[in-house]
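As structure tokens, the structure follows; a few thoughts come after it.
The values are calculated or read from the model by the stated rules, or taken from the named source; none is laboratory data. These figures come from a predicted structure and were not determined experimentally. Cβ placement follows ideal geometry from the backbone for every residue including glycine, while neighbour counts extend to all protein chains displayed.
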Amino acid sequence: MSETTSQSAFTVELPRPEPTKGEREYQAFLQLLPDLVKTHKGKFVAIHNSQIVDSDTDDVALILRVQAKVGYVPIHVGLVTEQPPVMRIPHYREQVRRQEA
């Protein structure tokens, strides 16, 4: 009779990719949010280099003003509310044509 040997499985741990600047700014927004609710509730704030750059009730005007200051670089603009932001996940719909009888 022959003996069967088994080898234990091995794990490979890959390094995590560095977050993008936009992701870092979003994380900074989430960390600043509890304090922002006290001072900027109902306003949009712009985050650049993990700091509040400006705020406004109009998000488009805020973006244009911040881009004029810091240039066309990734920033995060978020509405300061007590409710967590709504995450939208894009999806597709598949359309199937019916065959006529």
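For first residues located in the stretch 51-63 and farther than 17 Å from Gln31 by Cα and polar (S, T, N, Q), partners that are surrounded by 12 or more Cβ atoms within 10 Å (Cβ to Cβ) and at pLDDT 95 or above and lie 6+ apart or on another chain with Cβ distances below 6 Å form the pairs Thr57/Lys43.
When the stretch 51-101 is filtered for residues that are among the hydroxyl-bearing types (Ser, Thr, Tyr) and surrounded by 10 or more Cβ atoms within 10 Å (Cβ to Cβ), the ones remaining, listed by number, are Ser55, Thr57, Thr81.
With respect to the conditions (1) closer than 17 Å to Gln83 by Cβ; (2) in a helix (DSSP H, G or I), Val45 lacks only one, and its number is (2). Across the stretch 9-39, what is the total count of residues that are of a type in the set (Phe, Trp, Tyr) and farther than 15 Å from Ile75 by Cα? Result for the stretch 9-39: 1.
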